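Please read the structure below before turning to the comments.
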Amino acid sequence: MAKILIIDDDPTLQLILKKNLQNQGYEVILASNGEAGIAQAKQHHPALIICDWMMEKVDGLEVCRQIKATPELTTTFLILLTARTNVEDRIQGLDAGADDFVSKPIEMNELKARVRARLRLNQLYEDLQSQKQALEGANQKLQAELDEAAEYVRSLLPSPLKGNVTTEARFIPSARLGGDCFDYFWLYDSLLVMYLLDVSGHGVGSALLSVSVLNVLRSQSLPNTNFFQPSDVLKSLNNAFQMDNHGEKYFTIWYGVYDQINRKLIYSNAGHPPAIVLSGTFENAQVKRLESSGLPIGFLPDTEYEDGYLDIPPGSNLYVFSDGAYEIPQPNDKIWGIEAFIDSLTKFYQTNNSNLELVIDHICHVNRHQPFDDDLSLLRFNFGD
């Protein structure tokens with residue numbers, strides 16, 4: 001039942017209005033002056049107020065001003081009763097906070113019609129507020145679930161390696177859930193698998209696909225696959241994850257196997273940025289790009305991939321990364337680019353400052369400390385003596 005507050009210093013008019021509105025099914029509250037009316041409004045929060053303009057001490061305009069200045073009453077509809085008819089008076093009333101006017105002497109059917117119309121709007125507003133609150137609650141639940149999912153994805157990422165081969169890794173998703181994923185693990189005591197993949201797009205769909213690939217590789221559940229041979233792994237992934245069967249999503253991947261005994265790295269690439277090996281002395285750094293041709297996983301069935309081979313000198317650093325590390329827009333409408341990124345890695349190496357935190361800080365500076373447009377993943381492997 002809608003509450004209506006009547007503020008009028010005429011007792012007879014109060015009773016007439018009360019009786020007519022109660023007959024319409026409304027709950028009616030009475031106040032005999034402006035000050036009492038304001039107090040009643042703050043106590044009962046009516047859906048609509050009918051207020052006389054001309055009252056002693058606190059008139060109808062002041063009632064409008066104070067009601068609209070009260071946060072919990074800003075949406076309460078105010079109808080002013082007035083014998084004034086000129087435009088300037090109506091403008092003054094609207095500026096004070098009145099929403100509508102009814103002229104005196106009052107035509108009761110007109111007043112009841114205006115009340116019905118205003119309360120329909122009030123009901124619509126309340127319905128919208130309820131829907132808004134429901135949506136906000138659903139959104140909060142969704143955000144909590146996304147946070148939980150993001151934490152789960154992060155929990156799947158590997159811990160740093162220690163020993164003759166050490167690792168550092170950084171992952172900065174552009175959204176709560178990203179499409180980048182990486183892993184490294186020892187197949188045997190001397191063979192280290194390493195890879196980084198980048199699924200097209202962002203969000204839940206991309207994250208689900210990246211986790212699926214991680215689980216398949218970690219469990220070595222690709223049938224008839226030689227996991228020591230990167231090109232064979234990529235071929236099997238391509239057959240298993242055709243984009244037609246995975247929501248039109250594809251992914252790039254750089255996959256390598258390091259033989260610790262013979263200090264040899266074999267690798268293959270499916271449309272991913274080349275990995276970078278920095279070796280040699282700080283004064284005379286050697287830069288090697290580990291590139292091999294191959295379409296992204298999922299584009300075409302029966303795609304062949306090729307392997308690359310490299311001897312790894314003691315003390316070398318291997319960097320594997322996604323394109324989010326260097327495809328960073330600049331103020332001149334250009335992209336920072338992979339060449340500038342590799343130059344930065346080389347300079348850090350030459351100054352014996354290869355710590356990934358320094359590299360990431362530099363990338364953030366290049367991005368002007370803005371949110372990244374794409375997921376950023378960066379791995380560093382240091383191959384000791």
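Quick one: would you say A285 is closer than 24 Å to L161 by Cβ, assigned by TED's automatic domain parsing to the domain that holds G315, modelled with pLDDT under 95 and surrounded by 14 or more Cβ atoms within 10 Å (Cβ to Cβ)? Outline the logic, then answer.
On the way: closer than 24 Å to L161 by Cβ: yes; assigned by TED's automatic domain parsing to the domain that holds G315: yes; modelled with pLDDT under 95: yes; surrounded by 14 or more Cβ atoms within 10 Å (Cβ to Cβ): yes.
Yes: the conditions hold for A285.
Counting just the residues of segment 336-346 that are surrounded by 13 or more Cβ atoms within 10 Å (Cβ to Cβ) and not polar (S, T, N, Q), which one comes out farthest from P274 (Cα to Cα)?
First pass over segment 336-346, keeping only residues surrounded by 13 or more Cβ atoms within 10 Å (Cβ to Cβ): 336-338, 340-342, 344-346.
From what is left, the residues that are not polar (S, T, N, Q) are 336-338, 340-342, 345.
On the way: W336: 16, G337: 13, I338: 10, A340: 14, F341: 12, I342: 11, L345: 14 Å.
Step by step, filter segment 336-346, then rank; the result is W336.
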inquiry  = Report every pair of residues separated by at least 6 positions or lying on different chains whose Cβ atoms are under 6 Å apart, first residue within segment 103-124 and closer than 23 Å to T12 by Cα, second exposed (fewer than 13 other Cβ atoms within 10 Å of the Cβ).
reply    = K104/A83
task = At least 3 residues that are under 27 Å from the mean Cα position of the chain (by Cα) and on the phi < 0 side of the Ramachandran plot in each: list the strands (runs of 3 or more DSSP E) lying fully within segment 193-284 that qualify.
result = 251-259
task = Return yes when Q24 is without any contact (Cβ under 8 Å) to a residue 40 or more places away in the chain, assigned by TED's automatic domain parsing to the domain that holds L119 and within 28 Å of Q129 (Cβ to Cβ) and no when it is not.
result = no
key: Scan of segment 354-365 for residues that are touching a residue at least 12 places away in the same chain (Cβ under 8 Å), farther than 12 Å from F171 by Cα and surrounded by fewer than 17 Cβ atoms within 10 Å (Cβ to Cβ), ordered by number   = N355, H362
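Could you check segment 92-126 and list, in sequence order, the residues that are of a type in the set (S, T, Y) and in contact with an Asp or Glu (Cβ under 9 Å, 6 or more places away or on another chain)? Working first, answer last.
To start, the set of residues in segment 92-126 that are of a type in the set (S, T, Y) comprises 103, 125.
Selection gives S103 alone.
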request  = Scan segment 64-94 residue by residue and report those that are over 44 Å from the mean Cα position of the chain (by Cα) and outside any strand (DSSP E or B).
outcome  = A83, R84, T85, N86, V87, E88, D89, R90, I91, Q92, G93
query = Restricting to segment 140-186, what's the tally of residues that are buried (at least 16 other Cβ atoms within 10 Å of the Cβ) and outside any loop (DSSP other than H, G, I, E, B)?
reply = 16
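The values are calculated or read from the model by the stated rules, or taken from the named source; none is laboratory data. Here the structure is a predicted model, which means the values were calculated and not measured. Note that each Cβ is placed from the backbone with ideal geometry, even for glycine, and that neighbours are counted across all protein chains shown.
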